[in-house]
Amino acid sequence: QVQLVESGGGLVQPGGSLRLSCAASGSIFMLYAMGWYRQAPGKQRELVASITSRGTTNYADSVKGRFTISRDNAKEMVYLQMNSLKPEDTAVYYCNAVIRKFPFTSETDYWGQGTQVTVSS
């Protein structure tokens, strides 16, 4: 079994900061790209940021300059530092990882259960 467990969500005022963490655990032979997605009420899930195993990052235009994604390969964790938060950042944030569980098997997408981020005064 593979699990992704997010933490760090909560309520923050506009302009504030939060740091999300996601820990991968279980049968993991190889951990490839990891990322954060979000889904606001009534909207589709969208990519916020992703990072490859070598550290190459990609960000949605709406968060560039405000959010920073990072990872710790030894701990099998990915982080999202969110600064200058805006009300439109309010959403459930999901951790995603592409994982190969065993040698010579295919890679699979895994998702966390989500953590709520609410930006409001």
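Looking at Tyr94 and the list (1) of a type in the set (Ser, Thr, Tyr); (2) in a loop (DSSP other than H, G, I, E, B); (3) under 19 Å from Leu4 (Cβ atoms), which single condition is not satisfied?
(2)
Residues Lys64, Lys75, Lys86: which one is within 24 Å of Pro41 (Cβ to Cβ), open to solvent by 60 Å² or more (accessible area, probe 1.4 Å) and without any contact (Cβ under 8 Å) to a residue 60 or more places away in the chain?
None of the other options fit; the residue is Lys64.
Quick check: anything in region 3-11 of a type in the set (Asp, Glu), surrounded by fewer than 12 Cβ atoms within 10 Å (Cβ to Cβ) and not in a loop (DSSP other than H, G, I, E, B)?
Step one: list which residues in region 3-11 are of a type in the set (Asp, Glu), which gives 6.
Pick out the ones that are also surrounded by fewer than 12 Cβ atoms within 10 Å (Cβ to Cβ) and you get none.
No, region 3-11 contains no residue that is of a type in the set (Asp, Glu), surrounded by fewer than 12 Cβ atoms within 10 Å (Cβ to Cβ) and not in a loop (DSSP other than H, G, I, E, B).
Within region 30-40, can one find any residue that is assigned to a loop (DSSP other than H, G, I, E, B) and under 17 Å from Gln116 (Cβ atoms)?
Yes, the conditions are met somewhere in region 30-40.
Mind listing just one residue for me: the one in region 96-121 that is open to solvent by 90 Å² or more (accessible area, probe 1.4 Å) and over 15 Å from the mean Cα position of the chain (by Cα) and, of those, farthest from Gln13 (Cα to Cα)?
Phe104
Look at region 12-29 and say how many of its residues are open to solvent by less than 60 Å² (accessible area, probe 1.4 Å) and in a strand (DSSP E or B).
9
The values are calculated or read from the model by the stated rules, or taken from the named source; none is laboratory data. In this text, all values refer to a predicted model and were calculated from it rather than measured experimentally. Glycine also receives a Cβ, built like all others from the backbone with ideal geometry; neighbour counts cover every protein chain displayed. Side chains are part of the model used for accessible areas, which takes the heavy atoms of the whole protein and leaves out ligands, DNA and RNA. Shrake-Rupley method; radii C 1.70, N 1.55, O 1.52, S 1.80 Å.
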